[in-house]
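Written below as structure tokens is the structure these notes are about.
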Amino acid sequence: MDNYKRLFLCALPVALHLPANASQSETYIVLLDDASSPKKMTRSTQVNSVKEKANQVLQRLANVPESVHTRSSRTHAPLADSIYQNLNSFSVKLSTGQAEKLKEMTEVRGVYPDVIFSADGVHGQNSQRVASWGLDRSDQRELPLDGEYEVGPYTGKGVSIYVIDSGIDFSHPDFGGRAQSGWDFVDNDSDASDCHGHGTHVAGTAAGRQYGIAPGADIYSVRVLNCENKGWGSQILNSFDWVIEHAKQQGQPAVINYSISRSTRWAPLDQAVDRLITEYNLPFVHAAANNNTDACTKTPHSEYSITVGASTNDDYRWYSSNWGECVTLFAPGANIISARNHGGYQSMSGTSMAAPHVAGQVARLLEVNPKASPSELKRLLIENSTANALYNVGDGSPNRLLYIKSEDSTDVNQPPVAVATSNQYELTGAGTISLTGDASSDPDGDQLMYQWQQLAPSSPLAIIASPSASKTNVGFDEHAADITYRFLLTVNDGVTSDSTEVRVVQKAKPITPNGVQWESSKTYASPCERVSWKGSEWENQWWTVGNEPGAGGIWGVWRKVGGSNNRCG
């Protein structure tokens, strides 16, 4: 549990409980301007950067009066409740007047009141052992159901599924010890157990042994919903930040399942989802919500996410499932059998039940291709889905139903393997070598595209004759000092790529003194006259007399032969 505690402290969260009147929230989410946020920073630098920016804007806020009645008074700067280090934002308790003033600052992109989210799931009957029609429907193209589900060779092994929900019943036999506690952002502790049942049911559909799409995946419970299945947006943002850090430390492919909804849009979460996917390469699968309305009007909303609507066992859109062009595809969601909190099994209905079918399939795809990007995974889900199988999908909805047949899983594009070699790894003085990537390969037999570039040093630059060919000559000018060059080869099969580098050392050519010694009384009127002095060769850059070679530094009148600062060539 120590690792979990450490991750939690990195995110600087605070437990936020529902007040008696939830509509009067004093907590605001502040989105900082991306223009002042470097894209590439170490984690510690990023924490300091976001925290420092938060402190700066809040200190400035303290110096701004809220009204004419407080013009001469100074107030204490508010303190940030949570720093969302990976999301360039923070939460803070503010008055309405302070929130309005904060919006006017150029460093601030937006200020939004904290809001409540909930999970939508309709409970059905308890059952000890019944067949899951959702699994059955997912592995065949057409009805009628054949009563079977073949998981095949890919079970999601080696892939993490983060279930951001109401928690998980870790003792349930359906998880076989694979379900682990991440963090509980409701109670602010490391025990993310379930006290509602929604999260356990979702996790069982995604990766349960009995009723799961990916029964070999690792499951991490990230609790953001209380026992009434509700939670604050600030807690959810904290959970996103935690998942990013945990996934980095785990070092294995991962997917997020988010079966939580809100009846309207909320920009902080929408933009956070964009960052999860585009900046941190985390596939994000979420429920389309249960309002029988346009999914584009609800949060989460992201063009990069995978939005899942719910279908019934007779291939109709489930009556409450949201619809529209923001839906990516549909999956079984009505009367789905899965794990019940405190043991046994039960049926539940909703897009909350449809989403984990898809998250489980993403885990299976990531087992086959751990380097697959979120955009590629989304494309594969759409391309492999069953087209035009559903009725009454709703205006603008794609008529696409999840299909996970095991043999189709092998259609995932395999990444190429880059191999770079050189005909020589060391040369002396000026010369030419040959780099080749001919040993690179692609498991699928796809044709490869090649790209060579010099990684280091930034100067001087070698001359790459054919940067887009599998084999290229590289020319080097003569230099006075030894230089280690690093060349990067990137091979691309049109979907994914792989890179490797090769190093070449250029030794400086020994300079043979020409015997003409520098004379202090001689006038050197013409530039680029060569002399020997103290074991080195020098050339003057302009007219000079009496100036000792080396005395003027690297930008003096005398400069070493072959040096990058020597204009004589």
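A few points about this structure:
- Residues satisfying the stated conditions in the stretch 433-479, i.e. loosely packed, with under 15 Cβ neighbours inside 10 Å, among the aliphatic types (A, V, I, L, M) and not in a loop (DSSP other than H, G, I, E, B): 449, 455, 456, 463
This table checks each residue for (1) closer than 26 Å to residue 114 by Cα; (2) surrounded by 18 or more Cβ atoms within 10 Å (Cβ to Cβ); (3) touching a Gly at 6+ places or on another chain (Cβ under 6 Å).
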{"position": "241", "(1), (2), (3)": "yes, yes, no"}
{"position": "273", "(1), (2), (3)": "yes, yes, no"}
{"position": "284", "(1), (2), (3)": "yes, yes, no"}
{"position": "287", "(1), (2), (3)": "yes, yes, no"}
{"position": "292", "(1), (2), (3)": "yes, no, no"}
{"position": "299", "(1), (2), (3)": "yes, yes, no"}
{"position": "310", "(1), (2), (3)": "no, yes, yes"}
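- Test: residue in the stretch 391-399 that is in a strand (DSSP E or B), touching a strand residue (DSSP E or B) at 6+ places or on another chain (Cβ under 6 Å) and surrounded by fewer than 22 Cβ atoms within 10 Å (Cβ to Cβ): yes
- Filter result for residue 151 (under 30 Å from the mean Cα position of the chain (by Cα), among the aliphatic types (A, V, I, L, M), closer than 30 Å to residue 246 by Cβ and modelled with pLDDT of 90 or more): no
- Of the strands (runs of 3 or more DSSP E) contained entirely in the stretch 480-554, those carrying at least 1 residues that are touching a residue at least 60 places away in the same chain (Cβ under 8 Å) and within 30 Å of residue 435 (Cβ to Cβ) fall at 483-492, 497-507.
- Residue within the stretch 266-277 that is under 18 Å from the mean Cα position of the chain (by Cα) and of a type in the set (Phe, Trp, Tyr) present: no
- Screening residue 312 against (1) touching a residue at least 24 places away in the same chain (Cβ under 8 Å); (2) closer than 23 Å to residue 336 by Cα leaves a single unmet condition, (1).
- Search result, residues across the stretch 136-150 that are farther than 10 Å from residue 402 by Cα and crowded, with 20+ Cβ neighbours inside 10 Å: 149
- Only one of the numbered conditions (1) in contact with a Cys (Cβ under 6 Å, 6 or more places away or on another chain); (2) closer than 16 Å to residue 224 by Cα is violated by residue 241, and that is (1).
- Look at (1) surrounded by fewer than 24 Cβ atoms within 10 Å (Cβ to Cβ); (2) of a type outside the set (Asp, Glu); (3) not in a helix (DSSP H, G or I) and you find that residue 257 fails only one, number (1).
- Listed by position, the strands (runs of 3 or more DSSP E) enclosed by the stretch 314-356 that each have at least 3 residues that are under 22 Å from residue 304 (Cα atoms), modelled with pLDDT of 95 or more and not charged (D, E, K, R) are 329-332.
- In the stretch 441-464, the residues that are farther than 29 Å from residue 427 by Cα and either in contact with a strand residue (DSSP E or B) (Cβ under 9 Å, 6 or more places away or on another chain) or at pLDDT 95 or above (or both): 442, 443, 448
- Residue match in the stretch 371-378 (condition: of a type in the set (Ser, Thr, Tyr), crowded, with 20+ Cβ neighbours inside 10 Å and either touching a strand residue (DSSP E or B) at 6+ places or on another chain (Cβ under 8 Å) or modelled with pLDDT under 95 (or both)): no
- Scanning the stretch 487-527 for residues that are at pLDDT below 90, among the aliphatic types (A, V, I, L, M) and in contact with a strand residue (DSSP E or B) (Cβ under 7 Å, 6 or more places away or on another chain) returns 511, 516.
Residue-wise test of (1) at pLDDT below 90; (2) of a type in the set (Ser, Thr, Tyr); (3) not assigned by TED's automatic domain parsing to the domain that holds residue 219.
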{"site": "68", "(1), (2), (3)": "yes, no, yes"}
{"site": "71", "(1), (2), (3)": "yes, no, yes"}
{"site": "85", "(1), (2), (3)": "yes, no, yes"}
{"site": "132", "(1), (2), (3)": "yes, yes, no"}
{"site": "136", "(1), (2), (3)": "no, no, no"}
{"site": "143", "(1), (2), (3)": "no, no, no"}
{"site": "146", "(1), (2), (3)": "yes, no, no"}
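- Within the stretch 86-101, the set of residues being part of a loop (DSSP other than H, G, I, E, B) and closer than 17 Å to residue 60 by Cβ comprises 94, 95.
- The set of residues in the stretch 241-267 being closer than 15 Å to residue 322 by Cα and among the basic types (Lys, Arg) consists of 262, 265.
- Among the candidates 219, 277, 236, residue that is in a helix (DSSP H, G or I), crowded, with 24+ Cβ neighbours inside 10 Å, at pLDDT 95 or above and not small (Gly, Ala, Ser): 236
- Condition check for residue 475: over 30 Å from the mean Cα position of the chain (by Cα) and in the same structural domain as residue 566 (by TED's automatic domain parsing): no
The values are calculated or read from the model by the stated rules, or taken from the named source; none is laboratory data. Because the structure is a prediction, the values reported are computed rather than measured. Neighbour counts are summed over all protein chains in view; Cβ atoms, including those assigned to glycine, are modelled from backbone coordinates with ideal geometry.
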